[in-house]
1. Can you list the trypsin sites (Lys or Arg not before Pro) in the stretch 25-74 that are in a DSSP coil and have 10 or fewer other beta carbons within 10 angstrom?
2. Report, to the nearest 10°, how far helix 61-73 tilts away from the longest principal axis of the Cα atoms in the chain, using its own Cα long axis and a range of 0 to 90°.
3. Rounded to the nearest 500, what is the chain's calculated 222 nm mean residue ellipticity when only DSSP H runs of at least 4 contribute -39500 (n - 2.57) each, over all residues?
4. Shape call for the stretch 2-85 from the C-alpha gyration tensor, a ≥ b ≥ c root eigenvalues: rounded (a/c under 1.5), prolate (a/b greater than b/c) or oblate?
5. By count of other Cβ within 10 Å, fewest leading, how are Leu85, Leu25, Leu74 ordered?
6. Extension gain Val84-Glu10, at 0.36 nm per residue separation less the Cα-Cα distance, in nm?
7. Quick one: length gained pulling Thr39 to Thr19 fully straight, 0.36 nm per residue minus the C-alpha distance?
8. State the answer as a single residue: which of Tyr77, Met51, Ala14 lies farthest towards the positive end of the charge dipole of the stretch 2-85, with beta carbon charges of +1 for Lys and Arg and -1 for Asp and Glu, about the Cα centre.
Amino acid sequence: MEISYSNLGEYGMAAENFTKAYELLGRVSERERYFISATYYRVARRSTRYMSSAQADPRAGIPHGGAAVNYASLRQYEKALSEVLQT
């Protein structure tokens, strides 16, 4: 669901569903566990790329907004708030 919501631009719902999936990691099949873990890794890497972009152009809002969504997905709410306040 996280991917579907993200594709629709519903980033809050995407983050909520992603967090829920990661919390339930112990209750899913090995195949599903691999997919959720791989998605979590991609989200973490995306935050790093957004931060590099934000450093290159600190006034650009998109990198900070993207980083905020990703930090929220990773349950790093203080970092997410910090990024939102910079947009």
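Every number in this text was worked out from the coordinates using simple rules, so none of it is lab data. As the structure is a computational prediction, the values presented were derived from the model and not from experiment. All Cβ positions, even for glycine, are placed from backbone atoms using ideal geometry, and neighbour counts span all protein chains on display.
1. Details: sites: Arg27, Arg31, Arg33, Arg42, Arg45, Arg46, Arg49, Arg59; in loops: Arg59.
Answer in residue order: Arg59.
2. Tilt of helix 61-73: around 30 degrees.
3. Calculated at 222 nm, the ellipticity per residue is -25000 deg cm²/dmol.
4. Prolate shape, in that a/c is at least 1.5 and a/b is the bigger ratio.
5. Leu85, Leu25, Leu74
6. Working: separation 74, 0.36 × 74 = 26.64 nm, distance 1.61 nm.
Difference between extended and current length: 25.0 nm.
7. The span from Thr39 to Thr19 would gain 6.1 nm if fully extended.
8. Of the listed residues, the answer is Met51.
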